[in-house]
Amino acid sequence: MKFLATRELKNNKFLSSLLYGLLLFIILFLVLDLVLHHLQIGLTFSKAISTILGDEESFIEPILIESLLLTIHINLFFSMLLLLILTSICVRVSEDKQLPRFIFHGLFLTALLAPIFLIAGYFIGEFAVIAWVVLFIIWHLMALILSFKTLYLIYKL
């Protein structure tokens, strides 16, 4: 994690190529995380509601609370790790200091609120599940945009 201590990526092509690879891995993770959640829970409102709350007409049982808590636990760990790495890279390569702060705050808030609404959806109902779907997609899109922006900034060095 030498990039956390130095800003001199222009002189070190090996380090900048490592960061480029790490950002490509982050992009791959974000896309596959969207696919995984679409297959496990569903990223459409109706599928997510029927998976979490169940559907009597289709004979779909609600998700087990243990499975939901395990999913949330894993999501919190990986999302915070990913966001810390992504934001630290972006801070080091970005020249504009105001725009990343706004994006960072929005990114962290949506990433933290999404699991809260997921667990709340189990107890509260449809509104919280819909809020989870929206927040989950927004934080992934914001992280993807930030990743591509940071890739461009590293390429431009």
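Laboratory data are not the source of any read-out in this text; all were calculated from the coordinates shown. Computed from a prediction, not measured in an experiment: that's the story for all the values here. Virtual Cβ from ideal backbone geometry, glycine too; neighbours counted across all protein chains shown.
Arranged from fewest to most other beta-carbon atoms within 10 Å of their beta carbon, Tyr155, Tyr20 become Tyr155, Tyr20. For the chain, what is the number of Lys pairs with C-alpha distance below 23 angstrom, counting only pairs 8 or more positions apart or on separate chains? Lysine pairs, 8 or more places apart or on different chains, close enough: 12.
Between Lys47 and Ile74, the modelled label-to-label distance comes to 1.7 nm, taking each label 7 Å out from Cα in the direction of the beta carbon.
Residues of segment 56-86 with an amide N closer than 12 Å to a point placed 7 Å from the Cα of Phe123 along the Cα-to-Cβ direction: none.
Under DSSP H, which helices of the chain have Cα atoms covering 15 Å or more of the helix axis and a Kyte-Doolittle average no less than 1.0? Show your work: numbers first, answer last.
On the way: long enough: 13-40 (40 Å, 1.81); 65-93 (42 Å, 1.95); 98-123 (38 Å, 1.48); 126-156 (45 Å, 1.72).
Those that clear 15 Å and a mean of 1.0 are 13-40, 65-93, 98-123, 126-156.
Note on percent of Cα pairs over 28 Å apart: of the candidates (1) 60; (2) 57; (3) 30, the value calculated from this structure sits at (3).
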